[in-house]
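Below: the structure, in structure tokens.
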Amino acid sequence: MKPAPLGTGIVLSMLRVTAAFAPRTFVRYVRSPNAVTLRMSATEAVQATASTQYPFAEVETKWQAYWDENQTFKTPERSPGKEKKFVLDMFPYPSGAGLHVGHPEGYTASDVMSRYWRMKGYDVLHPIGWDSFGLPAEQFAIQTGTQPAETTKKNIANFKRQLKMLGFSYDWDKEIATTDVEYVKWTQWIFLQLFTKGLAQQSSVSVNWCPALGTVLANEEVINGLSERGDHPVERLPLRQWVLKITDYADRLEAGLDGLDWPQGTLVAQQQWIGKSEGCSIDFGVDGMEDKTITVFTTRADTLMGVTYVTLAPEHPLVSTVSSEEQKDAVEEYVKATSSRSDLDRTSSKDKTGVFTGGYAVHPITGEKVPIWVGDYVLGSYGTGAVMAVPAHDSRDLEFATKYGLDVKWVVDPSDGSEWDKEEGAFTELGAIINSGEFNGLSSLDA
């Protein structure tokens with residue numbers, strides 16, 4: 001295998017690609033084989049290539065043909081003791097529209113790193129593939145009467161042509177598509193292993209159902225109650241689904257984040273996706289319904305005496321049952337309105353909304369009646385789909401209580417004996433228990 005020539009022309013070609021995306025802010029540092037360091041803004045790079053009349057078509061075609069003929073970027077056979085790097089891009093979905101600017105913007109950065117590590121003497125595996133299963137392919141097939149296998153193959157060929165024109169240093173021998181029979185059989189095999197170990201089971205899950213598209217949509221595919229593709233109405237429905245019990249691996253998944261050099265925002269997003277929470281379940285009775293119980297999951301049992309209302313997710317099975325005759329129409333209208341919004345939309349919205357059911361829950365210790373509300377900020381897919389609201393010690397609950405004029409009861413003070421300034425909002429830290437009868441004076445952990 002011959003070494004990869006990486007002359008100034010190729011470097012400028014890479015700069016040309018990235019310059020198109022961020023001409024005012026992009027800055028690139030690259031060292032070419034002759035040790036000349038290029039340091040310029042993207043705008044300067046474009047001007048430099050234009051002023052030198054760099055013959056893109058001639059030079060790019062020549063070296064790309066050379067790379068193909070000599071398998072320049074083929075993953076080398078492993079040599080004992082030699083360092084290695086695996087540089088993986090997110091596989092693109094091969095749509096009929098071809099590449100968009102976001103594809104090469106990200107791929108350029110990973111390609112620069114791949115070339116850098118090769119020049120440092122590392123064995124580099126830099127593959128590419130196609131995330132070719134998808135709703136767009138299905139819809140295109142339905143609308144045109146064309147077999148999706150045919151259009152997918154055609155789209156992949158076009159994407160591959162475009163990526164090769166950009167000169168990325170992929171090992172094309174490692175190319176895969178998620179629609180390949182040889183690939184699909186392994187996804188089926190993995191599912192069977194999960195099923196055999198009891199990690200795959202069927203359950204009734206609230207999903208984003210789009211009647212027009214005839215499929216379930218991910219949260220990211222629903223925008224303001226409409227499907228991202230086609231702007232069709234979406235509704236929340238409980239459907240029987242296969243679910244994977246990743247909760248059995250929550251500890252291992254979370255531990256795997258330790259030591260990763262990732263942006264803090266990405267780490268937080270991963271932690272939220274893993275969804276590990278340590279707490280307990282508490283049962284609230286329903287006033288006038290001895291056979292009904294609302295179970296809540298909480299990580300702050302020490303604030304139980306501060307509960308002033310209970311909130312159910314719109315999709316909670318008891319919503320209709322606990323609603324009074326006077327409030328039933330309002331509740332049904334609210335549930336219908338929120339059913340078109342995805343979990344992502346509901347949790348990201350700053351404006352929390354809700355409606356009083358007319359029913360009351362019974363506090364498990366004091367026996368006091370607390371109002372039951374339905375709120376969009378509570379998700380049926382998280383915990384039990386019901387929360388005990390403690391507005392004095394939860395910012396979200398306080399925002400909701402303030403909006404609807406609900407009671408606020410303070411039951412935790414700072415541990416140092418100081419008095420919390422209530423104007424600053426909810427006190428969400430652990431502390432010393434107050435206004436809680438026999439529990440007064442205990443620490444949050446002891447309570």
Checking 422, 403 in turn, the sole residue that is open to solvent by 30 Å² or more (accessible area, probe 1.4 Å), free of Cβ contacts under 8 Å to residues at least 40 places away in the same chain and not acidic (Asp, Glu) turns out to be 422
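Please find, within segment 258-282, the residue that is nearest to residue 344 (Cα to Cα) out of those that are more than 14 Å from the chain's Cα centre (by Cα) and in contact (Cβ under 8 Å) with a residue 60 or more places away in the chain. Quick ask: steps written out before the conclusion?
Keep residues of segment 258-282 that are more than 14 Å from the chain's Cα centre (by Cα), which gives 258-264, 276-282.
This time we only want the ones that are in contact (Cβ under 8 Å) with a residue 60 or more places away in the chain, so: 277, 281-282.
On the way: 277: 19, 281: 25, 282: 26 Å.
Across segment 258-282, the extreme among qualifying residues is 277.
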Within segment 406-419, restricting to residues that are part of a loop (DSSP other than H, G, I, E, B) and in contact with a helix residue (DSSP H, G or I) (Cβ under 6 Å, 6 or more places away or on another chain), the one that is least open to solvent (accessible area, probe 1.4 Å) is 411
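Provide a single number: the residues in segment 202-217 that are open to solvent by less than 50 Å² (accessible area, probe 1.4 Å) and over 13 Å from residue 340 (Cα atoms). Give the derivation first.
Residues of segment 202-217 that are open to solvent by less than 50 Å² (accessible area, probe 1.4 Å), as a first pass: 203, 205-208, 210, 213-215, 217.
Those left that are additionally over 13 Å from residue 340 (Cα atoms): 203, 205, 213-215.
Going through segment 202-217 one residue at a time, the tally reaches 5.
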Does residue 290 satisfy the condition of being part of a strand (DSSP E or B), out of contact with any strand residue (DSSP E or B) (no Cβ under 7 Å at 6 or more places or on another chain), open to solvent by 30 Å² or more (accessible area, probe 1.4 Å) and of a type outside the set (Lys, Arg)? yes
Checking 348, 281, 320, 340 in turn, the sole residue that is surrounded by fewer than 20 Cβ atoms within 10 Å (Cβ to Cβ), in contact with a Phe, Trp or Tyr (Cβ under 8 Å, 6 or more places away or on another chain) and under 27 Å from residue 239 (Cα atoms) turns out to be 281
Flagged in segment 303-317 as more than 15 Å from residue 397 (Cβ to Cβ) and either surrounded by fewer than 18 Cβ atoms within 10 Å (Cβ to Cβ) or out of contact with any Asp or Glu (no Cβ under 8 Å at 6 or more places or on another chain) (or both), in numbering order, are 315, 316, 317
Requiring at least 1 residues that are at pLDDT 85 or above and either loosely packed, with under 14 Cβ neighbours inside 10 Å or touching a strand residue (DSSP E or B) at 6+ places or on another chain (Cβ under 9 Å) (or both), the strands (runs of 3 or more DSSP E) wholly within segment 5-113 are 84-86
Exactly one of 149, 200, 218 is in contact with a strand residue (DSSP E or B) (Cβ under 8 Å, 6 or more places away or on another chain), small (Gly, Ala, Ser) and modelled with pLDDT of 85 or more, and that one is 200
Turns out the helices (runs of 4 or more DSSP H) fully within segment 135-201 with at least 3 residues that are buried (at least 16 other Cβ atoms within 10 Å of the Cβ) and touching a residue at least 12 places away in the same chain (Cβ under 8 Å) are 135-144, 148-165
Just one listed residue, out of 255, 250, is under 24 Å from the mean Cα position of the chain (by Cα), modelled with pLDDT under 90, over 18 Å from residue 389 (Cα atoms) and small (Gly, Ala, Ser), and it is 250
Considering every residue within segment 376-390, establish whether at least one is among the β-branched types (Val, Ile, Thr), within 20 Å of residue 280 (Cβ to Cβ), part of a strand (DSSP E or B) and in contact (Cβ under 8 Å) with a residue 60 or more places away in the chain.
-> yes
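The values are calculated or read from the model by the stated rules, or taken from the named source; none is laboratory data. These figures come from a predicted structure and were not determined experimentally. Here Cβ is always computed from backbone atoms with ideal geometry, including for glycine, and neighbour counts include all displayed protein chains. What goes into the accessible areas is simple: the full protein's heavy atoms, side chains included, and nothing from ligands, DNA or RNA. Shrake-Rupley method; radii C 1.70, N 1.55, O 1.52, S 1.80 Å.
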